[in-house]
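K.L.:
Take this structure, written in structure tokens, and hold onto it; I'll ask about it next.
The values are calculated or read from the model by the stated rules, or taken from the named source; none is laboratory data. Model, not experiment: these values are computed from the prediction. Neighbour counts are summed over all protein chains in view; Cβ atoms, including those assigned to glycine, are modelled from backbone coordinates with ideal geometry.
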Amino acid sequence: MNARDDMLAGIRKALGRDGSADAATRATLQARLKGHKQNLVPKRGRVQGREKIEAFVKMAEFSLATLARVRSAGDVPGAVADYLKSQNLPPKLRMAPDQKLDAYPWASKPLLQIARGKAEPEDEVGLTGAFAGIAETGTLMLLSGPASPSTLNFLPETHVVVVRAEEILGSYEDGWAKLRQIADKLPRTVNFITGPSRSGDIEQTLQLGAHGPRRLHIVLVDDGADAGTER
Amino acid sequence: MSFAEAPTSRNFKQNASAALRNETLQRAMGYLGFTQKRAEAVARLPEFEALRDQARDIKDHTLKHLDFYLEAYEAKVMESGGHMHWCRTPEEARRTILDLCRSVGARSVTRGKTMIGEEIALNPFLERNGIEPVETDLGEYIIQLRGEPPSHIIAPAIHVTKEQVADTFLEKHAAYGKTRLLTEPREMLEEARGILRGKFLKADAGITGANFLVAETGSSIIVTNEGNGDLTQLLPKMHIVLATPEKLVPTLEDASTILRLLARSATGQEFSVYTTVSTGPRRRADPDGPAQYHVVILDNGRISMLGTEFQDMLRCIRCSACLNHCPVYNAVGGHAYGWVYPGPMGSVLTPGLIGVDQAGALPNASTFCGKCESVCPMKIPLPKMMRHWREREYEAKLSPAIARWGLAAWAFAARRPRLYRALTRPAMAVLGRLGKRRGNFANLPLAGGWTEFRDMPAPEGKTFHQLWAERSR
Ligand code: SF4
């Protein structure tokens, strides 16, 4: 018997069956797979409106990400430039080829040198948008694709993420639901990112920047309105 | 060295006493600090207990229909352009992985941390076949350089002090022109990061494990804090996932539920830094990602635990909470257990995977304080299963005569906690005089031979149970 048949037969025998489950059971299981039923979602993942935004900010900072709030899209380039300066980083970045990011007036900061595309080994700063922010744990949810190369999330030492208040969701489940609305299949990679890379492998002392970014900086575009409509 | 190639579980007793005398190890083990962080993280999530029940039910449901979910998962892997390879034994898995690596002419492969890789002694095998395996998790990298097996399932180098890391780097990094003796963990991390960055960029294939496999979508999920697993799978031409069937969950929602427990129970984080869901190879328009995606699904003894009194063990998500809270593990470290999985989860899993004749000493390496079960996010009844193993061992007459005699007495008392405590307390007065540091492992007259591994905090003249009761007040 080949390994596949052998393993499946072994499982069935252990479960006290000769073959696969009966048709009715299989139909129930299929329905479970397609039903996307949520299990218990903790209360803090079910918050709405301003509370949700504030929870995201609090938890993102708890994860050792840094965060700057700007009132409008027009303030984003300035916030990015200020951040790079504050970290003594050169005003040079690799930006995801994401149309969403074109909404920000980068030309207003002519000193910023911006290249678009996937990350190259020498890139020091990567800038991306996010598919969603997850308030529950201050997590960013990013999807791989032509507009958002995954290497930007991992290769550069500094990862700057621009996220809009209306992109903040409560829970991971909200993230899956939103994703299923726009696509019937998952992209190659869904990255949930909660704070900068770290390791405690040497005597359990926390060090940031193990292999991924040493700094994760979030620019939150938040006009202060009751953002909680998008779900 | 690899435990999978040369288990030393039979010598647990000798291993343990050597570990207790090893001062460097004792100092290193003192840094293990996950328990406090876990307690705080659990306290921040009022729903934690309810989530444990749900997580247990999700896995029980999956195991009950494992054949269905495996087939559903396989169909989705293929639909998304990936390949699935079924392997019964370590030999089959190693051979499959080697063939895959060779198919892309691989000379070096990066490795995300996988305990299953340890189980099949993958690194020595790849080396013998002319492929350089590079462990990229910092802890795994350190012990790979040192030629040691991991001693903890999520903090593999917990037994190594920073001075030892410095010495190892000085010796092994000279080849890269690094010749300074480092003193601070920060510098050590920087040096390793620099060297490993080069390895990431030139690897031909990347091998990761999986914390979850999702039947609904054919995805594999890994969680890391360093980002090494992501660079491992993102940069090379080929991503190979090495996983076992019990990693399956039905849906993304189910995975999300268990993920809420994993990091909290492990390191006391709210969420791991990187939770990465991978489905198939890169898509046509993707600017990066691996061109090939392969899942090697390995049994290696799991299926034989299904439908037995050890089935619950297959719920394990390898969070390490049971190790971190185990007084025996804390006292002797991971290597004493002599195989891949240490601590309470290892004491149950190892006899199931390599046989009770090899690993019969491990289920005895317990104080039956019950802490492991009480912190296990998947509610696995670890002490009960250790008792099952001892009964099996007893039935098989594997124990020496004295241990068999002792087991009968012990089994009687252990099922009656009050009696057990009453009987063990007087023994403490004697043990107090014999006690050593932290008061570990002294003979308990009650049950003869095999109880000599029990952790009895001798000097205070109190039983382990009493101390725990006081400490947790
Ligand atoms: S047995 Fe439970 S506590 Fe131990 S590693 Fe497995 S899931 Fe975690």
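K.L.:
For the range A:32-75, which positions are more than 9 Å from every other protein chain (Cβ to nearest Cβ), under 26 Å from residue B:49 (Cβ atoms) and of a type in the set (A, V, I, L, M)?
P.N.:
A:47, A:55
K.L.:
Next up: Any residue in the range A:213-226 that's free of Cβ contacts under 8 Å to residues at least 12 places away in the same chain: show its pairings with residues that are surrounded by 21 or more Cβ atoms within 10 Å (Cβ to Cβ) at Cβ separation under 8 Å, as long as the two are six or more apart or on different chains.
P.N.:
none
K.L.:
If only one of A:226, A:174, A:201 is more than 7 Å from chain B (Cβ to nearest Cβ) and either over 18 Å from the mean Cα position of the chain (by Cα) or basic (Lys, Arg) (or both), which one is it?
P.N.:
Values: A:174 fails: either over 18 Å from the mean Cα position of the chain (by Cα) or basic (Lys, Arg) (or both); A:201 fails: more than 7 Å from chain B (Cβ to nearest Cβ).
Sole residue among the options that is more than 7 Å from chain B (Cβ to nearest Cβ) and either over 18 Å from the mean Cα position of the chain (by Cα) or basic (Lys, Arg) (or both): A:226.
K.L.:
While we're on this one: Taking the conditions exactly as written (more than 8 Å from every other protein chain (Cβ to nearest Cβ) and either modelled with pLDDT under 95 or within 23 Å of residue B:346 (Cα to Cα) (or both)), does residue B:306 satisfy them or not? Explain how you work it out, then say what you get.
P.N.:
Numbers: more than 8 Å from every other protein chain (Cβ to nearest Cβ): no; either modelled with pLDDT under 95 or within 23 Å of residue B:346 (Cα to Cα) (or both): yes.
So residue B:306 does not fit the description; no.
K.L.:
On the given criteria, is residue B:257 within 15 Å of the ligand (Cβ to nearest atom), at the interface with chain A (Cβ under 7 Å from one of its Cβ atoms) and over 30 Å from residue B:12 (Cβ atoms)? Steps first, answer last, please.
P.N.:
Numbers: within 15 Å of the ligand (Cβ to nearest atom): yes; at the interface with chain A (Cβ under 7 Å from one of its Cβ atoms): yes; over 30 Å from residue B:12 (Cβ atoms): yes.
So residue B:257 fits the description; yes.
K.L.:
Still on this structure: For the range B:94-148, which positions are among the β-branched types (Val, Ile, Thr) and closer than 25 Å to residue B:346 by Cα? Reasoning before the result, please.
P.N.:
Here is the first cut: in the range B:94-148, the residues among the β-branched types (Val, Ile, Thr) are B:96-97, B:104, B:109-110, B:114, B:116, B:120, B:131, B:134, B:136, B:142-143.
Result: B:114, B:116, B:120, B:136, B:142, B:143.
K.L.:
Further question: Can residue A:41 be described as surrounded by 12 or more Cβ atoms within 10 Å (Cβ to Cβ) and closer than 30 Å to residue A:215 by Cβ? Quick ask: steps written out before the conclusion?
P.N.:
On the way: surrounded by 12 or more Cβ atoms within 10 Å (Cβ to Cβ): yes; closer than 30 Å to residue A:215 by Cβ: no.
Criteria not met by residue A:41.
K.L.:
Here is a follow-up. Just the residues that are more than 15 Å from residue B:154 (Cα to Cα) and more than 7 Å from every other protein chain (Cβ to nearest Cβ), please, taken from the range B:262-273.
P.N.:
Listed by number, the list is empty, since nothing qualifies.
K.L.:
Picking from B:27, B:56, which residue would you name as being in a helix (DSSP H, G or I) and within 20 Å of residue B:261 (Cα to Cα)? Spell out how you get there, then give the answer.
P.N.:
Values: B:27 fails: within 20 Å of residue B:261 (Cα to Cα).
Of B:27, B:56, the one residue that is in a helix (DSSP H, G or I) and within 20 Å of residue B:261 (Cα to Cα) is B:56.
K.L.:
Consider the range B:279-310. How many of its residues are among the small types (Gly, Ala, Ser) and closer than 24 Å to residue B:99 by Cα?
P.N.:
Applying the first criterion (among the small types (Gly, Ala, Ser)) to the range B:279-310 yields B:280, B:285, B:289, B:291, B:301, B:304, B:307.
Then drop every residue that is not closer than 24 Å to residue B:99 by Cα, which leaves B:280, B:289, B:291, B:301.
Matching residues across the range B:279-310 total 4.
K.L.:
Within the range A:55-80, count every residue that is closer than 30 Å to residue B:45 by Cβ and of a type in the set (A, V, I, L, M, F, W, C).
P.N.:
10
K.L.:
Any idea which residue in the range B:274-301 is surrounded by the fewest Cβ atoms within 10 Å (Cβ to Cβ), counting only those that are touching a residue at least 24 places away in the same chain (Cβ under 8 Å) and more than 9 Å from every other protein chain (Cβ to nearest Cβ)?
P.N.:
B:291
K.L.:
Kindly check whether there is at least one residue in the range A:64-77 that is surrounded by fewer than 16 Cβ atoms within 10 Å (Cβ to Cβ) and closer than 23 Å to residue A:198 by Cα.
P.N.:
From the range A:64-77, those surrounded by fewer than 16 Cβ atoms within 10 Å (Cβ to Cβ) are A:71-74; that's our starting set.
Restricting the remaining residues to those that are closer than 23 Å to residue A:198 by Cα gives none.
No - not one qualifying residue is present in the range A:64-77.
K.L.:
Could I ask something else about it? Quick one: how many residues across the range B:61-95 are at the interface with another protein chain (Cβ under 9 Å from one of its Cβ atoms) and touching a His at 6+ places or on another chain (Cβ under 6 Å)?
P.N.:
0
K.L.:
Is it the case that residue A:55 is under 25 Å from residue B:255 (Cα atoms) and either assigned to a loop (DSSP other than H, G, I, E, B) or not assigned by TED's automatic domain parsing to the domain that holds residue A:166 (or both)? Spell out the reasoning first.
P.N.:
Details: under 25 Å from residue B:255 (Cα atoms): yes; either assigned to a loop (DSSP other than H, G, I, E, B) or not assigned by TED's automatic domain parsing to the domain that holds residue A:166 (or both): no.
No; evaluated as a whole, the condition is false for this residue.
K.L.:
So if I check each of B:87, B:101, which one is within 23 Å of the chain's Cα centre (by Cα) and farther than 30 Å from residue B:327 by Cα? If you could, list the steps in order and put the result at the bottom.
P.N.:
Numbers: B:101 fails: within 23 Å of the chain's Cα centre (by Cα).
The match here is B:87.
K.L.:
Any idea which of (1) away from the ligand (no atom under 13 Å from the Cβ); (2) in contact (Cβ under 8 Å) with a residue 60 or more places away in the chain; (3) surrounded by 24 or more Cβ atoms within 10 Å (Cβ to Cβ) is the one residue B:309 doesn't satisfy?
P.N.:
Of the numbered conditions (1) away from the ligand (no atom under 13 Å from the Cβ); (2) in contact (Cβ under 8 Å) with a residue 60 or more places away in the chain; (3) surrounded by 24 or more Cβ atoms within 10 Å (Cβ to Cβ), the odd one out for residue B:309 is (3).
K.L.:
Every residue in the range B:139-181 that is closer than 29 Å to residue B:9 by Cβ, away from the ligand (no atom under 16 Å from the Cβ), of a type outside the set (Val, Ile, Thr) and part of a loop (DSSP other than H, G, I, E, B), please.
P.N.:
Listed by number, the residues that qualify are B:147, B:148, B:149, B:157, B:159.
K.L.:
Ok, one more. Is it fair to say residue B:32 is surrounded by fewer than 20 Cβ atoms within 10 Å (Cβ to Cβ), within 12 Å of another protein chain (Cβ to nearest Cβ) and in contact with a His (Cβ under 9 Å, 6 or more places away or on another chain)?
P.N.:
Working: surrounded by fewer than 20 Cβ atoms within 10 Å (Cβ to Cβ): yes; within 12 Å of another protein chain (Cβ to nearest Cβ): yes; in contact with a His (Cβ under 9 Å, 6 or more places away or on another chain): yes.
Here the answer is yes, as residue B:32 does meet what is asked.
K.L.:
Another question about this same structure. Looking at the structure I just gave you, is residue B:286 touching a Pro at 6+ places or on another chain (Cβ under 7 Å), over 21 Å from residue B:118 (Cα atoms) and within 16 Å of the ligand (Cβ to nearest atom)? Talk me through it step by step, then tell me what you get.
P.N.:
On the way: touching a Pro at 6+ places or on another chain (Cβ under 7 Å): yes; over 21 Å from residue B:118 (Cα atoms): yes; within 16 Å of the ligand (Cβ to nearest atom): no.
Spelling it out, it is not the case that residue B:286 is touching a Pro at 6+ places or on another chain (Cβ under 7 Å), over 21 Å from residue B:118 (Cα atoms) and within 16 Å of the ligand (Cβ to nearest atom).
K.L.:
Take the residues in the range B:313-333 that are near the ligand (Cβ under 9 Å from one of its atoms) and assigned to a helix (DSSP H, G or I); name whichever of them is farthest from the other protein chains (Cβ to nearest Cβ).
P.N.:
B:322
For (1) in contact with a Phe, Trp or Tyr (Cβ under 9 Å, 6 or more places away or on another chain); (2) within 8 Å of chain A (Cβ to nearest Cβ); (3) not polar (S, T, N, Q), each residue gets a yes or a no:
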| position | (1), (2), (3) |
| --- | --- |
| B:137 | no, yes, yes |
| B:140 | no, no, yes |
| B:143 | no, no, yes |
| B:147 | no, no, yes |
| B:166 | no, no, yes |
| B:173 | no, no, yes |
| B:177 | no, no, yes |
| B:182 | yes, no, yes |
| B:200 | no, yes, yes |
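K.L.:
Looking at the range B:347-366 only, could you name the residues that are crowded, with 24+ Cβ neighbours inside 10 Å, in contact (Cβ under 8 Å) with a residue 60 or more places away in the chain and within 15 Å of the ligand (Cβ to nearest atom)?
P.N.:
Across the range B:347-366, the qualifying residues are B:350, B:362, B:365, B:366.
K.L.:
I've got another one for you. Please verify whether residue B:100 is part of a helix (DSSP H, G or I) and under 20 Å from residue B:280 (Cβ atoms), treating the condition exactly as stated.
P.N.:
It is true that residue B:100 is part of a helix (DSSP H, G or I) and under 20 Å from residue B:280 (Cβ atoms).
K.L.:
May I ask you to verify whether residue B:157 is free of Cβ contacts under 8 Å to residues at least 60 places away in the same chain, out of contact with any Lys or Arg (no Cβ under 6 Å at 6 or more places or on another chain) and surrounded by 23 or more Cβ atoms within 10 Å (Cβ to Cβ)? Break it down stepwise before answering.
P.N.:
Numbers: free of Cβ contacts under 8 Å to residues at least 60 places away in the same chain: yes; out of contact with any Lys or Arg (no Cβ under 6 Å at 6 or more places or on another chain): yes; surrounded by 23 or more Cβ atoms within 10 Å (Cβ to Cβ): yes.
It is true that residue B:157 is free of Cβ contacts under 8 Å to residues at least 60 places away in the same chain, out of contact with any Lys or Arg (no Cβ under 6 Å at 6 or more places or on another chain) and surrounded by 23 or more Cβ atoms within 10 Å (Cβ to Cβ).
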